[in-house]
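Working notes for the structure below.
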Amino acid sequence: MGFGAHPARSCADQGGLSRSRPPLQASPPSPVQAARPGHGPDGRGDKVAARAGDTPSLRRRRASRERAAAMLRVLVVGAGLTGSLCAALLRKAIAGPLYLALWDRAGDAGGRMITAKSPHNPRCTADLGAQYITCTPHYAKKHREFYEELLAHGILEPLTSPIEGMKVQEGDSNFVAPQGISSIVKHYLKKSGAEIFFKQCVTQINLRNNKWEVSKETGAPEQFDLVVLTTPAPQILELQGDIVNFISELQRQQLASVSYSSRYALGLFYEAGMKIDVPWAGQYISSNPCIRFISVDNKKRNIESSEFGPSLVIHTTVPFGVTHLERSEEDVQELISQQLEAILPGLPQPVATKCQKWRYSQVTNSAANCPGQMTLHLHPSLVCGGDGFTHSNFDGCIASALSVMEALKNHI
Ligand SMILES: Cc1cc2nc3c(=O)[nH]c(=O)nc-3n(C[C@H](O)[C@H](O)[C@H](O)COP(=O)(O)OP(=O)(O)OC[C@H]3O[C@@H](n4cnc5c(N)ncnc54)[C@H](O)[C@@H]3O)c2cc1C
């Protein structure tokens, strides 16, 4: 996701939308682990041999230390679609005791599949990144179980409202997420049972005693047996520490060759009762230098209600995004609003707005000759995934997460 990320900028610049948790000082077992018999937080059920002079409290502490030492500690960096899916697949694949953590620099889950909420009414939402999911016949077969699961849970529904100018290929199906596109990511995060920490920006990865010591902008570094990175490729190259030496020259070139388009998204949130009187739910614009796509986002997702207002999403063209990448969000918002007024004159005043810069929007060149992932180190494992290793859409992320699992299968 863009998040305004820039090599010279600190992670704190990325800001967040809503939720944050305090930095983790000492890592407790995940709630899922804690609930397992024999792994309770009070040590009940643990078979720890008694030693002369042991008091019950000493014995409990020793049991807890032994449990922690036996537990595989896994970190996934990035709470976008690839990271959340990797976390869910790792949870399923690892049978033994597991502490699974997921860190993201942003303030909420979704990455480039973010759904922003109106500060006036959390039910008024807007998909600022990915808009809908196009499933080709090839992926309908290959990723059938993923589509079936999301459809069965009502997380995906067929796109039924009209999107003008959309290119439709024979055999393709299109889906929307009624609760917002980030609900897909949140589904996999919940399934993973991972401890999730927002506003945790990874800065360094070092090898210490055969474990990965991962540093973040705030709080103490933590050690893990296995790390999966799912940030865009330029953000992998920004990381400092021993990781720099584990990236071979060829891998560095492959990562550096991943390129992305840049664009802005503007979300406009309206009060309940307001009407956006257009005959479409989305429209591709081909004749404007600034605006490429507009959607009445709630209508696109079939969620019109008297209890919350409509929301509009505007995506800029890539040339506009590239030209204005370093401008302030206020300036950019003003420019987009002027062009919007020319396309849709007389729109009502929104009650809230959100301007999002996507520095890393969609992959235009993926890493050459990479099987959906890049293994930087095997023992202990350090693997990268994400759409930079495949292609920029739902199926690209699934393909990458499955490749990450394939790379790790003999090491977990
Ligand atoms: C404007 C736009 C429109 C799109 N439209 C569609 C569409 O209609 N359909 C479709 O299928 N796809 C679409 N896509 C593409 C799709 O959104 C992406 O392919 C997908 O979301 C990528 O997911 P990811 O998990 O690989 O990466 P990301 O979603 O980018 O997740 C990476 C995460 O890593 C975090 N991160 C980065 N650096 C650090 C760090 N140092 N420490 C901690 N965390 C870090 C980021 O905060 C981010 O949450 C669109 C994307 C954009 C931007």
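Reachable lysines from Lys354, Cα under 22 Å, same-chain residues fewer than 8 places away excluded?
Candidates past the 8-residue exclusion: Lys117, Lys186, Lys199, Lys275, Lys299, Lys300.
Suppose all protein chains stay in the model; what accessible area per residue would a 1.4 Å probe give for the chain, in Å²?
45
What three numbers, in Å, describe the spread of the alpha carbons of region 83-197 along their principal axes, ordered from the longest?
Taking the Cα atoms of region 83-197, the three principal extents are 49, 41, 22 Å.
Quick check for me: using +1 on Lys/Arg Cβ and -1 on Asp/Glu Cβ, what's the dipole size of region 139-204 about its Cα centre, in debye to the nearest 20?
Dipole size: approximately 280 debye.
Hey, what's the Cα Rg ratio for the chain versus the globular rule of thumb, 2.2 N^0.38 Å?
1.05
Karplus couplings for region 157-170 from phi (6.51 cos²θ - 1.76 cosθ + 1.60, θ = phi - 60°), rounded to Hz, Gly and Pro as x?
Couplings: 9, x, 6, 10, 7, x, 10, 6, x, 6, 7, 10, 9, 4 Hz.
Each residue of region 273-278 in turn: what ³J(HN,Hα) in whole Hz from Karplus with 6.51, -1.76, 1.60 and θ = phi - 60°, glycine and Pro shown as x?
Residue by residue, region 273-278 yields x, 6, 10, 9, 8, 10 Hz.
Taking the Cα centre of region 94-217 as origin, sum charge times position over the Cβ atoms of Lys and Arg (+1) and Asp and Glu (-1), and report the length of that vector in debye to the nearest 20. Before the final figure, lay out the partial values.
Numbers: 15 positive and 13 negative charges, 84 e Å.
My answer is approximately 400 debye.
As a check on your grasp of the helix formula, calculate [θ] at 222 nm for the chain: sum -39500 (n - 2.57) over DSSP H runs of n ≥ 4, divide by the residue count, round to the nearest 500.
-8000 deg cm²/dmol
Please give the helix 81-93 orientation as an angle from the longest Cα principal axis of the chain, in degrees from 0 to 90, rounded to the nearest 10.
30
How far is helix 56-70 tilted off the main Cα axis of the chain, in degrees rounded to 10, range 0 to 90?
60
Taking the chain as the reference, fit the longest principal axis to its C-alpha atoms, fit the long axis of helix 394-408 to the helix C-alpha atoms, and give the angle between the two in degrees, 0 to 90, nearest 10.
20
Give me the percent of the accessible area of region 221-361 that comes from carbon and sulfur atoms, probe 1.4 Å, all protein chains in place.
Here carbon and sulfur together make up 49 percent of the probe-accessible area.
Tabulate in residue order the Karplus-calculated ³J(HN,Hα) for region 191-202, using 6.51 cos²θ - 1.76 cosθ + 1.60 with θ = phi - 60°, rounded to whole Hz; enter x for Gly and Pro.
With coefficients 6.51, -1.76 and 1.60, one gets 4, 6, x, 6, 7, 10, 10, 8, 6, 10, 9, 6 Hz.
Take every DSSP beta bridge whose two residues both sit in the chain, then give the antiparallel share in percent to the nearest 5.
Details: 43 of 64 bridges.
Taking every DSSP beta bridge within the chain, about 65 percent pair in antiparallel fashion.
Tell me which of Ser262, Leu312, Met374 sits at the most positive position along the dipole axis of the chain, charges placed on C-beta atoms (Lys, Arg +1; Asp, Glu -1).
Looking along the dipole axis, the top candidate is Met374.
The values are calculated or read from the model by the stated rules, or taken from the named source; none is laboratory data. If you're wondering where the values come from, they're calculated on a predicted model, not measured in any experiment. Here Cβ is always computed from backbone atoms with ideal geometry, including for glycine, and neighbour counts include all displayed protein chains. Surface areas here come from the heavy atoms of the whole protein model, side chains and all, with no ligands, DNA or RNA. Shrake-Rupley method; radii C 1.70, N 1.55, O 1.52, S 1.80 Å.
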